[in-house]
Amino acid sequence: IPFQEDVCLNRALGILKAEKPDVIVLDGDILDCWEISRFNRVPNYSKLFKEELALGYSFVSDLRQEHPDARIVYVEGNHDYRVKAYVIRNAPALYDANFLPTYLRLGELNIEWIPTQEGTNRWTDTYFSVENLVIGHFDTVANPVIPSGMTVRNIMQKKIKKNSVVQAHVHRAAIIWDVNEEGEKRFGLETPCLCKAPYYAGYSNWQ
């Protein structure tokens, strides 16, 4: 948000409505935080940060209303972390690690917030577990020319060596299978992107 591709997002929300899952994971980068990004931006191209926040609250509150009994988990992604990064750079005395979950009223909506590592001055691997599945926004992205699936394979070989893994952050879709060191079969899933093609790149290997 606000660069979501509504056709794709509505399709995903329709699947949730039909399946009525017990657990719904917002696996990071729900907000872009465009206005407070450290990257150069074309003036007046997108929503103001306060407008993004309002859209974000509308999204999570609608999701909770549609799924009143589901466990909903929001993992902090690198774009969500831009809120913390902006304050660290520009007003460190006002730093509040809970600004985003507080503003989005996640506590009131009974939505769990999984922040990146406490005390870090940059976003890093952020994840949690559901039974034998590790779901997260890992600080790992394979080069775009490398086939999809290689990012989650690297995570499974170097970081999460036992369980199955779901990785956001890569904007590409893939599923792979392997056998862990204990001889157990597991899978790795890279989730595709639900946003529009990036305006700032001439080419992107996004799905």
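The values are calculated or read from the model by the stated rules, or taken from the named source; none is laboratory data. Keep in mind that what you see is a predicted model, and the values were worked out from it rather than measured. Note: ideal-geometry Cβ built from the backbone for every residue, glycine included; neighbour counts use all protein chains shown. The protein model used for the area step is the full one, side chains on, heavy atoms only, and it has no ligands, DNA or RNA in it. Shrake-Rupley method; radii C 1.70, N 1.55, O 1.52, S 1.80 Å.
Looking only at residues that are of a type outside the set (Gly, Ala, Ser) and within 16 Å of the chain's Cα centre (by Cα) in segment 156-168, which one is farthest from residue 180 (Cα to Cα)? Lay out the reasoning, then the answer.
Initial filter on segment 156-168 (of a type outside the set (Gly, Ala, Ser)): 156-163, 165-167.
Within this subset, residues satisfying the condition of being within 16 Å of the chain's Cα centre (by Cα) are 165-167.
On the way: 165: 12, 166: 15, 167: 17 Å.
Here the answer is 167.
In segment 152-186, what residues are among the aliphatic types (A, V, I, L, M) and not in a strand (DSSP E or B)? Walk me through how you get there before you give the answer.
So the first thing to find is which residues in segment 152-186 are among the aliphatic types (A, V, I, L, M), and the list is 152, 155-156, 160, 165-166, 168, 170, 173-176, 179.
Result: 152, 155, 156, 160, 168, 170, 173.
How many of the residues making up segment 142-190 are open to solvent by 20 Å² or more (accessible area, probe 1.4 Å) and in contact with a His (Cβ under 6 Å, 6 or more places away or on another chain)?
The qualifying residues number 1.
How many of the residues making up segment 150-207 are among the β-branched types (Val, Ile, Thr), under 19 Å from residue 78 (Cβ atoms) and out of contact with any helix residue (DSSP H, G or I) (no Cβ under 6 Å at 6 or more places or on another chain)?
Filtering segment 150-207 for residues among the β-branched types (Val, Ile, Thr) gives 151-152, 155, 160, 165-166, 170, 175-176, 179, 191.
Retained after the next criterion (residues that are under 19 Å from residue 78 (Cβ atoms)): 151-152, 155, 160, 165-166, 170, 191.
Checking which are out of contact with any helix residue (DSSP H, G or I) (no Cβ under 6 Å at 6 or more places or on another chain) leaves us with 151-152, 155, 160, 166, 191.
Residues meeting the conditions: 6.
Please count how many residues of segment 108-146 are within 16 Å of residue 168 (Cα to Cα), over 17 Å from the mean Cα position of the chain (by Cα) and touching a residue at least 40 places away in the same chain (Cβ under 8 Å).
Residues meeting the conditions: 1.
Could you give every pair whose Cβ atoms fall below 6 Å, whose first residue belongs to segment 21-36 and is over 12 Å from residue 70 (Cβ atoms), and whose second residue is among the acidic types (Asp, Glu) and part of a loop (DSSP other than H, G, I, E, B), counting only separations of at least 6 or pairs across chains?
31/80
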